[in-house]
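Mind having a look at this structure? Questions to follow.
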Amino acid sequence: MNQFFEVRGIPEQLGPMPQSADRLITREEVETIMEHNPQAILPVYGDCLEHAQVLDGGWVCVDFTRRPAPPRYKSKGLDGSSDLCLCYATYPEQPGPAIMAKEYLGVWGPWQMVGTRYDLSKGTHRMNCCFMAEEILGVLIASWDPSGRLLWKRDPESFPGELGTAPTIRGSNIGDPIPLAAGKVRRTIV
C-alpha cells in the first residue's frame, strides 16, 4: 500500500517524508484509509493541477468528510479560488476509472463534473479538459511541494458536508444557424 500521513493539523513543513510507491493509489486503498481517517495526506502523481499549486511529486491533504461547494467565484486569472477534490473518474481516452485529484466544476444534468488545470504558461501543448466523476470522495484542503513545504491550505469548515445536486453548469450544443442580420447569410457556429 502507498504510504500516507495521518493528519493532526496542517503543518507548514512535512517531514520526515515517507517513501511512496511509484504507482497510483487504488480505490480500495482510499476506501481503507477513509474507514479509519477523516483526513489523510497523500502523494501527488502528475501535473494536471499544477496551475492550482498541486505539484507532481508533492502532497495533498484530503478531507473525506467534506465535499466541494457549488462552483464559487473564479477570477479571470484562475487564482485557485475554485474547489479541488479527490474523485473516482475516467480521464478521456483512458480504459477505466482511477483515483484522481481534480478541480470540481459543478453539476451538469445529473453528472458531477471535474477538470484539469495545467500550467499553460510553461509552454506545454496540453489543453485543459473536463469530464464526469463517478464519485467525489473528498475535498483537498492543503497542498505541499515535493520538498514538503506548504503551498496553501483552506479551512475544512468552509466546505459543505454534502455534495450539491442542483445543476450549476448550463449550456447546449452549438451549431444551430444564427441569423446575423436581416438580408445577410445565416452562418453556423462550430
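Give the residues of region 9-30 that are at pLDDT below 70 and either surrounded by 10 or more Cβ atoms within 10 Å (Cβ to Cβ) or closer than 11 Å to Ile41 by Cβ (or both), sorted by residue number. Steps first, please.
Within region 9-30, the subset at pLDDT below 70 is 17-22.
Answer for region 9-30, where residues must be at pLDDT below 70 and either surrounded by 10 or more Cβ atoms within 10 Å (Cβ to Cβ) or closer than 11 Å to Ile41 by Cβ (or both): Met17, Pro18, Ser20, Ala21.
Taking the condition at pLDDT 95 or above and in contact with a strand residue (DSSP E or B) (Cβ under 7 Å, 6 or more places away or on another chain), does Pro97 pass? Full working, then the answer.
Details: at pLDDT 95 or above: yes; in contact with a strand residue (DSSP E or B) (Cβ under 7 Å, 6 or more places away or on another chain): yes.
For Pro97, the condition - at pLDDT 95 or above and in contact with a strand residue (DSSP E or B) (Cβ under 7 Å, 6 or more places away or on another chain) - is met.
Here's another thing I want to ask about it. Out of everything in region 107-123 that is in contact (Cβ under 8 Å) with a residue 60 or more places away in the chain and among the β-branched types (Val, Ile, Thr), what residue ends up being surrounded by the fewest Cβ atoms within 10 Å (Cβ to Cβ)?
Val107
A further question follows. Just to verify a result, which residue in region 162-190, among those that are at pLDDT 50 or above and surrounded by 10 or more Cβ atoms within 10 Å (Cβ to Cβ), is nearest to Gln13 (Cα to Cα)?
Leu163
Scan region 71-83 and give yes if some residue there is at pLDDT below 90 and either in a helix (DSSP H, G or I) or hydrophobic (A, V, I, L, M, F, W, C) (or both), otherwise no.
Yes, that holds for at least one residue.
Just one of (1) surrounded by fewer than 22 Cβ atoms within 10 Å (Cβ to Cβ); (2) farther than 22 Å from Glu28 by Cα; (3) acidic (Asp, Glu) trips up Asp83, so point out which.
Going through the list (1) surrounded by fewer than 22 Cβ atoms within 10 Å (Cβ to Cβ); (2) farther than 22 Å from Glu28 by Cα; (3) acidic (Asp, Glu), Asp83 breaks only (1).
The values are calculated or read from the model by the stated rules, or taken from the named source; none is laboratory data. Since the structure is predicted, the reported quantities are computational estimates derived from the model, not experimental observations. FYI the Cβ positions are ideal-geometry reconstructions off the backbone, even for glycines, and counts take in every protein chain you see.
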